[in-house]
Amino acid sequence: MAALVLGSILIYSFYLPQAAPKQITLAVLPFSENSEFTNLSVGFSAALRDSIALSRDVAVVDSVSTNAVMWDIEKSSGMSHILALTHFVDGELHTVDGELTRMDFRVVNVSQPNWKEVLKATIPDLSASSDLQEVRDTLTLQVRRSLYDNSSLRTEPVQHDADTYREYVHSLGAWFLRNKPSKLISTLHEAYQAKTKDLYETTGITTEPSRELWNAVATFERTQDVHEFSQTLWRLADEYPNSLAVDVLGSLAYDLGKLRLAERAWLHAARVQPQSAFVALHIAHVRRLFGDSEGTTQAFRIAELRDDLGFVKYFKTLDEQSMQASQATILPSLDSTVIEALIAATDGRLRGDFLIEASIHAGVFGSQSPHTVETMKLWRSPPLWLSEDDPRWREGRSFLAQHFPSASVTVSDDLLPAADSEDEVARLFTPRRPD
């Protein structure tokens, strides 16, 4: 009997972690180089994060949220709670006279009070000419196996010239270190997406989901085939749940009136971008449309904790007024200093749909030049807490329809039929194991 019990325990311990889906949330902390943060070390950790994030079954926190918390003395000690982590990866690059000699890294389980290293390893005998992409892929596979991640153990399939990739890593690190003093964390999410897109245009380096998403948006702008666009977004969000496609799918679902899908997508996006007040505000808005006052209050509370500009207070006031006033009431505009700070933080371009929404609220959207605006939305509905007859929305919609074909596309009622199934929506981001 004792042997039988012991055997059962061993079988349980060995096979269950590989067979049972687990909710794992991982962060890749900024690596150091000889105990200092450098362009190379910080950029490498960001590239490693993006590689691990190709996983289908592990939620991987974005580098903007992770680095902002780790570089804040008041937050770093509580980073596992602030980022809602179960695991993290950290490491150090060792160099001598500028030559990369070795790399140490580890994976730590923080889901229990007593943290536990589940992997500790060294990649020795590196040189200045080492292919950092190859090193990144080696770490990616080791990390994911240590988490019993049995989804397709893939890395970015495109191989790049070693010097080009090293320069790409340097550029990522330089961007993070340049913005290290910034408190505009929510806006940095938008700015980082813009930075990676700019790097893609100059180097050809990006992740597969980003490349597919940008191609899908460009194709949609050209063909106006909203059916194909919606199907592509669903596939990308399902295959790459750590990608921007999830947030874009949430916006599309909201525009199509598929509010359950919108909420589900934005809740998952909040796991990947735990420091974004924008995502929390979208969740609050959808919950208000559901009539979920408790859920709305909860989402606002989270958004306020992440707010770095004071815009959440404005939207909270709008929410309170919208509950008391008629739909015809024109709500006050957003403080123009807030939108100016948002635009300044993204190098003067209205990149990111929340920046466009904020500009419409501030009543300054019509003054923008078309070439400064980028959007992935259909804009079938007014932005947060604005009514259809608000002149700011009418002006904004007219501007969008004039300059962006996607804002005038005809939308049928049969788009995303899977979004009408609670089972399909619930399954979208649930960890799965291969048959």
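Listing for the model above:
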item	result
Most positive-pole-ward Cα, P382, L29, W214, against dipole of the chain from beta carbon charges	L29
Other-chain or far-sequence residues with amide H under 5 Å of T95's (modelled H)	N34, T101
Extension reserve of the S152-A194 stretch, reckoned as 0.36 nm per residue once the Cα distance is removed	12.3 nm
Positive-pole candidate from S77, V226, L93, dipole of the chain, charges at beta carbon	S77
Cα-based radius of gyration of segment 20-181 once divided by 2.2 N^0.38 Å, which approximates compact folds	0.99
Listed residues D149, D125, D97, most fluctuating in the chain (Gaussian network, C-alpha, under 10 Å)	D97
Given charges at beta-carbon only (K, R positive; D, E negative), |dipole| of the chain in Debye	760
Angle in degrees between helix 208-223 and the longest Cα principal axis of the chain, rounded to the nearest 10	30
Karplus 3J(HN,Hα) series, Hz, for segment 420-430 with 6.51 cos²θ - 1.76 cosθ + 1.60 (x for Gly, Pro)	7, 9, 4, 5, 5, 5, 5, 6, 3, 10, 6
Cut-off 15 Å between beta-carbons: net charge of the residues surrounding S412, Lys and Arg +1, Asp and Glu -1	-4
Charge context of E92, other residues only, Cβ under 14 angstrom, K/R +1, D/E -1	-1
Whole-Hz couplings from phi, Karplus 6.51/-1.76/1.60, listed for segment 105-110; x for Gly and Pro	7, 8, 10, 10, 8, 10
Stokes-Einstein translational diffusion, segment 27-99 - Kirkwood Rh over all Cα pairs, 1.002 mPa s, 20 °C, in µm²/s	168
Taking I82, I339 and counting other C-beta atoms within 10 Å, the order from fewest to most	I82, I339
Separation of alpha-carbon centers, segment 252-300 and segment 101-155, rounded to whole Å	33
Contour excess over end-to-end distance, with Cα ends at S336 and E239 and 0.36 nm allotted per residue	31.0 nm
Estimated Rh, the chain: Kirkwood, alpha-carbon pairs, angstrom	23.0
Spin-label proximity, A218 to segment 238-258 - amide N less than 20 Å from point 7 Å beyond Cα toward beta carbon	244-246, 248-249
Sites R427 and N34, calculated FRET efficiency, Cβ-Cβ separation with R0 35 Å, nearest 0.05	0.15
Footprinting exposure proxy for F105, F404, F354, F44 (fewest neighbouring C-beta atoms within 10 Å first)	F404, F105, F354, F44
Residue-averaged [θ]222 nm for the chain, counting only DSSP H segments that reach four residues, each worth -39500 (n - 2.57)	-17000 deg cm²/dmol
Test item: Cα-centred dipole of segment 20-181, Lys/Arg +1 and Asp/Glu -1 on Cβ, debye	720
Using distinct alpha-carbon pairs, which all enter the 1/r mean, Kirkwood radius of segment 209-427 in Å	17.7
Net +/- balance of residues flanking A47 in space, Cβ distance below 14 Å, scoring K and R +1, D and E -1	-4
Distance between modelled label sites at T138 and E201, nm, 7 Å Cα→Cβ extension	3.6
C-alpha long axis of helix 277-290 to longest principal axis of the chain, angle in °	60
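We did not get these values from a lab; they are worked out from the coordinates using the rules stated. Predicted model only: the values in this text are computed from it and were never measured. Here Cβ is always computed from backbone atoms with ideal geometry, including for glycine, and neighbour counts include all displayed protein chains.
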